[in-house]
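Novice: Below you'll find the structure I mean.
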Amino acid sequence: MDYKETLLLPKTTFAMRGNLPQNEPKRYAKWFSEDVYTKMKKKRAGASDFTLHDGPPYANGHIHIGHALNKILKDIIIKHNYFDGKSVRFTPGWDCHGLPIEQQVEKKLGGKAKKEALSKAEVRALCRKHADEFVGIQKEEFKKLGVIADWEKPYVTMDYKFEANIYRTLCEVAKKGLLVERSKPVFWSWAERTALAEAEVEYEDKEDYSIFIAFELSDEAKAKAGIEGKAALVIWTTTPWTIPANTGISINPDEKYVLTTDGYIVAKALYETLKEQEVIQGEVAREFDAPTFENLIAINPLNKRESRIVLGEHVMVDNGTGCVHTAPGHGEDDYRIGLKYNLPVIMPVSETGVYDETIVRENLIPNAEEFVGKHIFKSQEQLIELMGDAVLKVGKFIHSYPHCWRSHKPLIFRATKQWFISIDGKPDGEEKTLREIALEEVEKTKFIPQTGYNRLKSMVENRPDWCISRQRDWGVPIAFFRVKATGEVLLDEKVLNFVAMIFEMKGSDAWYSMEISELLYPGSGYKPEELEKVNDILDVWFDSGSTWYSVLKSRNYDAGEYPADLYVEGSDQHRGWFQSSMFLSCAIEHQAPYKGVLTHGFTVDEKGEKMSKSKGNVIAPEQVIKEYGSEILRLWVASSDYQGDLKISKGILKQTAENYRKLRNTFRFLMANINDLEAIVEPQNMGILDKWILSVAAEVLGDVHAAFSAYNFVGGMNMLNNFIVNELSGIYLDITKDRLYCDAKNDLHRRASQSAMALIAKTLLTLLAPILTYTADEIVEHAPKTLKAEAEDIFDYIHKPLPKIKSEFDADYFIAAREKFYEIVDGLKKEKIIKATLELSLYTDSKKALDLDPVEAEDWFVVSGVDAIQPCETLGSFEIEGDTFLIAKAKGYKCPRCWKYHAPQEETLCKRCQKVLNA
């Protein structure tokens, strides 16, 4: 007789293979058509809130693997909090203004000249169209990753209401007295013709001059210092192109300076080094205290103009000469010391990086006309030649130098009139400066990883005033009116509100398309012809830095609470979005816009190298989805340590797909074996092995949940995989097969194990649902009643921890015994002595093993008997904690139904199987 039909074999409609690339799009389309996001909000109405505020990606180009990592990580965090019972909000956003979009439009038009032939309004319209196109493209690409968010109402920084709120944020900063306009050196991109903020600067290697130049003291200065004959301060610079704008030489007030016998003045601390370098040859003739030279005049050898000697704490004596060339129009320190000593600010360089008419007007260079229109970097050799014998030494060296983040061209410091947020100013009504408020808020913020604390704190401590103005076309205008007669800027609240109202209705393009008479509040008290518009636009970091105001604080979005619980971005955003958001929130609300900041690393290939098309190591999200499905990408994110750079390659994805297969098949086994379970057996009525697996699962899955709640997904996934591979699949699912297939359908022994599996499956399901949401939803569709209950889909579930169950089972002892047993079994199988462990019995003096229920003991080792030691023909033996275990052939006959050697004779059923069939 074929007994197969009498066995209770596993049954499930849940497929072994996911066929994710084919099946995911259908399920995702169903989610979005049924508006799962709204369902999630309704399901948690009245629950405690969790707000993750989305940092906006740039609406320019298709998403790359870094975008996928970022959005999937956010989605996992949101869903973890949702399945934890919280009311979640996730309003996705896009950054739509700024230089990269302008550059793309310029490229499409066929170059800068063609763009400049268009009006500002036409350029802005093209930029708006380009950004809108990529918002649509990226939205669909993010949805393909299984990311659930308020896709129907995302925030887009170029929306009219949004632009109005960016402008209102600016007005609020102005009201706090923190907005200042002044001429000051800023990072300037001559390639892009605009000022840049710190966050837009990248450092790359650049070859530069290293040049030592002698500035002779004036006769009057020599007389005052009591010096006769030749005496010149030696300066060292890497930027000969700034020498025309020199108005001072800074020396360290606390250092000694020496005059050499060959007539040069340098810091005493650097004298020997300079002699070794052959910059100077003479011996020390005299020594001076630095203040001796304060306010004396040296002569610029290039143009014979006066250069005032000033005392500056910024002067270091670790290299150079201790005498620093000072051009207040070309450097931050130069500018500050220039303010103190009232040094002239000369700016002879145009927005395109060429010398302008200033060099002729101010006689800054001999034969100045030859240099007008010539690029500063191409003028340096000529300038060096013009200084003749005053140049003591010329060399070249490679160093790290600031470059534009978009054009990758070297930047210059250039004094221009710009708008700044005063970081060391005090917001009206506050005792503390903006910097002090921000530093206090950094202390209150939770950082994941903790290293983010030092990075953000350092940025806040050291950043200069924030230059927020840009000289470009595509952005939110700094829409202020200036009184022509006085230069005063109108900051009247009604005037500002009137402009904001127009922006809300017509967008910020109105600033360029409408006349002053239309934009001016009728009761302003000014005539339109008395005013002019400020035409600068806002730094794009101001746009994104004010999203907390436009999204969380405005009533335009159902986006959650201010301050947000969490901001999640790449580690480069300490100098970008985290910082800009912090300063704007502290300026207006005097608090941080977030309670916590989570940062992740960047994606690299398996060798840790940056991805680039030229290396051929780029992994595109679209490619992964087509080959593996988005679930594999999501599992990769959860299984990677995001606190460092994340490695991804075809090999890594293949391994991740294999891990997914194991997880999927574990769920399939669990579901297939609880398919006929109708009611859960209470844990107190379960067998010792069921209680053991539940106690292990409760502890491990509790730890996994705690790790996930701390956003330690890689740690949680490692614990989870270890549990599944070792205790769950490796032991429990293996040892329970006999009872599941061969016991009577309603036997307590069988039902108890099914119940343990059902309880574990449900907890596992809600733990993994935030990561593998598609698979979890598919499981629910095919789940048996005990697992599904009344749920329509995965979003009806809430995570409940497993009950803590006390287990009397000595797992360490029995796992060690099982491992030693199977080491011997492997040898017996290789020698073809046995085919299966059911052919064996164990004989032991172990009280622990003999005290176990005989069936539980047999099942633990998957043998046909565990008995007290008796004479037998042993095939092997092992010891555990002094207890002996002998391995021998089982004495009974093989039951043709359950294959245990319990039958009284050949081809007859064992007592258990006979009873099951007779029933």
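The values are calculated or read from the model by the stated rules, or taken from the named source; none is laboratory data. Small disclaimer: the values here were computed from a predicted structure and weren't measured. Glycine gets a Cβ as well: all are built from the backbone with ideal geometry, and neighbour counts include every protein chain shown. Please note that ligands, DNA and RNA were not included when accessible areas were found on the heavy atoms of the full protein model with its side chains. Shrake-Rupley method; radii C 1.70, N 1.55, O 1.52, S 1.80 Å.
Novice: Can you pull the percent of the stretch 783-861's accessible area that's carbon plus sulfur, 1.4 Å probe, other chains left in place?
Specialist: The value for the stretch 783-861 is 53 percent carbon and sulfur by accessible area.
Novice: Grab the Cα-Cα distance for residue 370 and residue 183, subtract it from 0.36 nm times how many residues apart they are, and report the gain in nm with one decimal.
Specialist: Length gained between residue 370 and residue 183: 64.5 nm.
Novice: Round to a whole angstrom and tell me the spacing of the C-alpha centers of the stretch 367-409 and the stretch 653-697.
Specialist: When both Cα centres are located, 72 Å separates them.
Novice: Find the accessible area per residue for the stretch 450-490; the probe is 1.4 Å, ligands and nucleic acids are left out, and the unit is Å².
Specialist: 39
Novice: Taking Cα pairs under 8 Å and at least six residues apart, what relative contact order does the stretch 601-690 come out at, in percent?
Specialist: Dividing the mean separation by the residue count of the stretch 601-690 yields 31 percent.
Novice: Another question, if that's okay. In debye to the nearest 20, how big a dipole does the chain give about its Cα centre with +1 on each Lys and Arg Cβ and -1 on each Asp and Glu Cβ?
Specialist: Using only the charged Cβ atoms, the result is roughly 2820 debye.
Novice: While we're here: Binning every alpha carbon pair distance of the stretch 788-919 at 5 Å from zero, what are the percents per bin?
Specialist: 2, 9, 16, 18, 15, 11, 9, 8, 6, 5, 2, 0, 0
Novice: Quick one, could you list the DSSP H helices from the chain stretching 27 Å or more along their long axis (Cα atoms) with average Kyte-Doolittle hydropathy of 0.0 or above?
Specialist: For the chain, where a helix must reach 27 Å along its axis and average at least 0.0, the hits are 688-709, 748-768.
Novice: Okay, moving on. Keeping the other protein chains in place, figure out the carbon and sulfur percent of the accessible area of the stretch 68-171, with a 1.4 Å probe.
Specialist: Looking at the stretch 68-171 in its full context, I get 52 percent from C and S.
Novice: On to the next question. May I ask you to give the solvent-accessible area per residue for the stretch 707-832, in square angstrom, as obtained with a 1.4 angstrom probe?
Specialist: About 40 Å² of surface per residue is accessible.
Novice: What FRET efficiency comes out for the pair residue 734/residue 47, r = Cβ-Cβ distance, R0 = 56 Å, nearest 0.05?
Specialist: 0.90
Novice: Another question, if that's okay. Counting just the Cα atoms, what span does the stretch 114-190 cover along each of its three principal axes? Round to the nearest Å and put the largest first.
Specialist: Reported extents, whole Å, longest axis first: 49, 39, 24.
Novice: Taking 0.36 nm per residue of sequence separation and subtracting the Cα-Cα distance, how much length would be gained by fully extending the chain between residue 451 and residue 332, in nm to one decimal?
Specialist: My answer for the length gained is 40.0 nm.
Novice: With +1 on the Cβ of every Lys and Arg and -1 on the Cβ of every Asp and Glu, and nothing else charged, how large is the dipole of the stretch 277-361 about its Cα centre, in debye rounded to the nearest 20?
Specialist: 380
Novice: Among 606-613, 487-494, how do they line up by average Cβ neighbours within 10 Å per residue, starting with the highest?
Specialist: 487-494, 606-613
Novice: Let me check against my output: what whole-number percent is the relative contact order of the stretch 427-498, with C-alpha pairs under 8 Å and at least 6 apart?
Specialist: Normalised by residue count, the contact order of the stretch 427-498 is 17 percent.
Novice: Please report the antiparallel percentage of DSSP beta bridges with both residues in the chain, rounded to the nearest 5.
Specialist: Once the DSSP bridges in the chain are tallied, antiparallel ones form about 70 percent.
Novice: Separate question: If you project the alpha carbons of the stretch 135-271 onto the principal axes, what extent comes out on each, in Å, largest first?
Specialist: The Cα atoms of the stretch 135-271 stretch 81, 39, 28 Å along the principal axes, largest first.
Novice: What's the extension gain from residue 295 to residue 614 if we count 0.36 nm per residue and subtract their Cα-Cα distance?
Specialist: Fully extending the segment from residue 295 to residue 614 adds 109.2 nm.
Novice: Please report Rg over Rh for the stretch 320-433, where both radii come from the alpha carbon positions and Rh follows the Kirkwood definition.
Specialist: 1.03
Novice: Per residue, what accessible area does the stretch 339-416 have, given a 1.4 Å probe and all protein chains present, in Å²?
Specialist: Each residue of the stretch 339-416 exposes 51 Å² on average to a 1.4 Å probe.
Novice: Provide Rg and Dmax in Å for the stretch 534-662, with only Cα atoms included in the calculation.
Specialist: My reading of the Cα-based Rg and Dmax gives 18.8, 63 Å.
Novice: Under 8 Å for C-alpha pairs, at least 6 residues apart: give me the relative contact order for the chain, rounded to a whole percent.
Specialist: About 15 percent, as a whole number.
Novice: Another one. Please list the radius of gyration and Dmax for the stretch 707-825, considering alpha-carbon atoms only, with Å as the unit.
Specialist: When restricted to the Cα atoms of the stretch 707-825, Rg and Dmax are 16.5, 49 Å.
Novice: Using a 1.4 angstrom probe on heavy atoms only, work out the carbon and sulfur share of the accessible area of the stretch 436-504 in %.
Specialist: 49
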